[in-house]
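Step one of this worksheet: look at the structure below.
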Amino acid sequence: MPRSLSGRSFLKLLDFSTEEIQYLLELSKDFKRLKRAGTPHKYLTGKNIVLLFEKTSTRTRCSFEVAGNDLGMGVTYLDPGSSQMGKKESLEDTAKVLGRMYDGIEYRGFDQQVVEDLARHAGVPVWNGLTTQFHPTQMLADVLTIEENFGRYKGLKMVFMGDARNNVANSLMVVSAKLGINFVACGPKENMPEAELVATCREIAKENGSTITLTDDVKEGTKGAHVIYTDIWVSMGESPELWAERIKNLSPYQVNDAVMENAAPDAIFMHCLPSFHDLETTVGREIYEKFGLKEMEVTDKVFRSRRSKVFDEAENRMHTIKAVMYATLK
Ligand code: CP
Ligand code: NVA
């Protein structure tokens, strides 16, 4: 059992030990059982949290809201246009004000430094709901989903396909190193994670008996993999001008039938969502008109196949975020 996480912020998984991450996963399972059984768990009645979003969201916002309500807390949502932060009030002043009113603060935005600074000034736990570099709450949901499917995660092979230097890919590499999962970043050289982060993760992975591999070879990279994971090719906050270059560079890394067939017989497909797998989105249709692509990082067939666990993953966001809030606020 790790020491208590009470009062801690949840900014990136590099700040947490293997045992602490495992503890959060166990707690998530408890909360999922309580929710499924319909057992009330308003353990944090009387507390209040604020959700500060500088980028859009469906899953993360709803997870924090539902989890906050289930725990009996008051929840305030501040959307990208409606707080003074950054425009009329400094980050430091905003953090100090919110810290006087709320017991915890969720932040989704741009540079990791912003969420680190918020935590430094707020005096209450701050939770990272996605920055340019990391998406740590997503990781707990992903590992929980993997465990639900395989009964374990240690020693499995997980491959991230495509933009292997984005927030989700970076975080998957970190959580894999911490939990002894063999991680493969499969993409073109220009989309590989930063060398320093790779070196850090390799050291951690070594302690936990796993490996971190970077490759541009799809066949070799995905061979026998248990988890094939991908994400959109241009992330929030990046210029739409990047689409042409990313489509050219990342199309060979699309998750399709050939990739899934090259993986293990019981391999699963994962995606943090949202995903461009059909023409049912405005952006998807724009890309189709401009570049002729009907599906991008994953084919519609794989996305809708029985191997796809994307909606289990989405549900698990809520149970795991609840665990993070409970552990840090109790
Ligand atoms: N996966 C994820 O973070 O989704 P949202 O952008 O909808 O929150
Ligand atoms: N890499 C994506 C993740 C969305 C949950 C983005 O940052 O837009």
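The values are calculated or read from the model by the stated rules, or taken from the named source; none is laboratory data. These numbers come from a predicted model, not from an experiment. Reconstructed Cβ throughout: ideal geometry from the backbone, glycine too, with neighbour counts over all protein chains shown. For accessibility, only protein heavy atoms count, side chains too; no ligands or nucleic acids. Shrake-Rupley method; radii C 1.70, N 1.55, O 1.52, S 1.80 Å.
Before I look further, what does region 116-257 give for accessible area per residue, probe 1.4 Å, in whole square angstrom?
On the way: 5170 Å² over 142 residues.
For region 116-257, the solvent-accessible area averages 36 Å² per residue.
At 222 nm, what value in deg cm²/dmol follows for the chain if DSSP H runs of at least 4 each add -39500 (n - 2.57) and the sum is divided by all its residues, to the nearest 500? Spell out each step's value before the answer.
Values: 13 runs with 148 residues, N = 330.
Here the helix-only value at 222 nm equals -13500 deg cm²/dmol.
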Quick P(r) readout (region 60-190; Cα-Cα; 5 Å bins; whole %) gives 2, 10, 16, 19, 17, 14, 11, 8, 4, 1, 0
What are the principal axis extents of the Cα atoms in region 33-124, in Å, biggest first? 45, 26, 21
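Let me know the charge dipole size of the chain about its Cα centre in debye, to the nearest 20, where only the beta-carbon of Lys, Arg (+1) and Asp, Glu (-1) is charged.
Working: 42 positive and 46 negative charges, 204 e Å.
Computed charge dipole of the chain: roughly 980 debye.
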Range of Cα positions in region 75-128 per principal axis (Å), largest first: 23, 23, 17
TM-like helix rule applied to the chain (DSSP H, alpha carbon span at least 20 Å on the long axis, mean Kyte-Doolittle at least -1.0) gives 18-37, 136-150, 310-329
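Using the alpha carbon gyration tensor of region 123-185, what are the three equivalent-ellipsoid semi-axes (square root of 5 times each eigenvalue), largest first, in whole Å? Please report the intermediate quantities before stating the final value.
Working: eigenvalues 86, 48, 17 Å².
Equivalent ellipsoid of region 123-185: 21, 15, 9 Å, largest first.
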Zero-based 10 Å bins, Cα pair distances in the chain, whole percents: 6, 27, 34, 24, 9, 0
Counting pairwise Cα distances across region 103-146, what percent come out greater than 11 angstrom? 64
Probe 1.4 Å, all protein chains in place: accessible area of residue 236 in Å², nearest 10? 70
At q = 0.10, 0.11, 0.25, 0.27 Å⁻¹, what log₁₀ I(q)/I(0) does region 190-270 have when each alpha carbon counts as one equal point scatterer in the Debye sum? -0.32, -0.38, -1.23, -1.25
With every protein chain in place, the accessible area of residue 30 for a 1.4 Å probe, in Å² rounded to the nearest 10, comes to 70
Just the ratio, please: alpha-carbon radius of gyration of region 1-46 over 2.2 N^0.38 Å, N its number of residues. 1.34
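Please identify every one of the trypsin sites (Lys or Arg not before Pro) in region 58-110 that sits in a loop by DSSP and has no more than 10 other beta carbons within 10 Å of its own beta carbon.
Values: sites: 59, 61, 87, 88, 96, 100, 108; in loops: 87, 88.
The qualifying sites are 87, 88.
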Could you put 186, 62 in order of accessible surface area, largest first, with the 1.4 Å probe and the full protein assembly present? 62, 186
Region 190-330 - Rg and Dmax from Cα coordinates, angstrom: 17.1, 52
Quick one: pull the percentage of alpha-carbon pairs in region 270-330 with a separation above 20 Å. 44
Jot down the radius of gyration and Dmax of region 234-316, Cα atoms only, both in angstrom. 13.4, 38
Over region 50-139, with every protein chain in place, what whole percent of the accessible area is carbon and sulfur at 1.4 Å, could you tell me? 49
What FRET efficiency would be calculated for the residue pair residue 15, residue 311, taking the C-beta separation as r and a Förster radius of 35 Å, to the nearest 0.05? 0.75
